[in-house]
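Taking it in order: structure first as structure tokens, then the write-up.
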Amino acid sequence: MLTSLTHRQLEGELMDDPDIDVQAHRTALRGLRRINVASRTAAALWPTIRCIARQRRDEPLSLLDVATGGGDVAVALARLAQRDGITLRVEACDISPTALRVAEEQARRADVEVRFFVQDILAEPLPAAYDIIVSTLFLHHLHDEQIVGLLEAWSSQARHLVISDLLRNRTGYGLAYLGTRLLSLSPIVHVDGLKSVRAALTLPEAENLASRAGLTGASFERHWPSRFLLTWSRPASSAAASREDPSCA
């Protein structure tokens, strides 16, 4: 448990291996699903998304969940929109076909409509513009320059960004150690959980990268369990300013 968290330590995570065993991958994704539920990941994003929808007078909105993994967050957001009577077209992408098959199974079980598609987000431009781009637990996989580049690209293709990721600190490291072992039997999750915290950002580092990406007015807050939430909205035109309040970001 004794390790330095002074600087980011990006190490290849086991689940990022393109040759990972399919069954081991599925087992790891099941563990991550339980962790996402316990962490209330979608619940942390939903108040901002619901606020955006209300300010847009409940007009239909499009949302993309980037690097969706097993689709936990995308499916949960679609269910929350359904519950609250919000018309939200949810799409989600990932580089892994195995993860997307698991995600599609989740969506069918939950009886919600989510369009999933394969996308290498670092090599390919997004296929369309969206009202909202969501990202959870993805930034810590990337080098600083990659994060800046993606934030720049996403802010040009979406009106709103809602991004959650780990914070690099002792509390987060301890929670990752305990949580991954309590909620998953997968050794991949046990190893990758600690690697993820070592690769994560501190809040000042995240704020600096957002500033470098030109996300003027970005808002940051901490949320359970030792994570940050970045919210940003593109400045509204004079025509839209009267009906959109920046308080959602």
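Please treat every number below as a calculation from the coordinates, not as lab data. In this text, all values refer to a predicted model and were calculated from it rather than measured experimentally. Every residue, glycine as well, gets a Cβ built from its backbone with ideal geometry; the counts of neighbours run over all protein chains shown.
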Relative contact order [Cα under 8 Å, 6+ residues apart], the range 4-81, whole percent = 31 percent
task = Compute the length gained on full extension between T87 and A153: take 0.36 nm times their separation in residues and subtract their Cα-Cα distance, giving the result in nm to one decimal.
result = 21.2 nm
query = Longest exposed-loop-site-free stretch of the chain, with GluC sites (Glu not before Pro), DSSP loop and at most 15 other Cβ within 10 Å?
reply = 114-249
inquiry  = Which residue, S211, N36, Q23, has the largest displacement toward the positive end of the dipole of the chain when charges sit on each Cβ (Lys, Arg +1; Asp, Glu -1)?
reply    = N36
Amide H within-cut-off set for Q9, under 5 Å, with H built and near neighbours excluded = A199, A200
task = Go through the range 87-94 residue by residue and turn each phi into a ³J(HN,Hα) via Karplus (6.51, -1.76, 1.60, θ = phi - 60°); whole Hz please, and just put x for glycine and proline.
result = 7, 10, 8, 9, 10, 8, 10, 7
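Is there a quick way to get the dipole size of the range 34-236? I mean about its Cα centre, with the Cβ of Lys and Arg at +1 and of Asp and Glu at -1; what is the value in debye to the nearest 20?
Here the size comes out at about 660 debye.
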request  = Kindly state, to the nearest 0.05, the FRET efficiency for A24 paired with R109, given R0 = 22 Å and r defined as their beta-carbon distance.
outcome  = 0.50
task = Evaluate the distance, in nm, between pseudo-label points positioned 7 Å from the Cα of L5 and of V37 along their respective Cα→Cβ axes.
result = 2.7 nm
remark   = Note: A129 to W224 extended length (0.36 nm per residue) minus current alpha-carbon separation gives 31.2 nm
task = Round to the nearest 10 and give me the degree value, 0 to 90, for the angle of helix 187-199's Cα axis relative to the longest principal axis of the chain.
result = 60 degrees
ask   = For helix 170-183, what angle does its Cα long axis make with the longest principal axis of the chain, in degrees from 0 to 90 and rounded to 10?
value = 70 degrees
inquiry  = Just to confirm the number: angle between the C-alpha axis of helix 72-84 and the first principal axis of the chain, 0 to 90 degrees, nearest 10?
reply    = 40 degrees
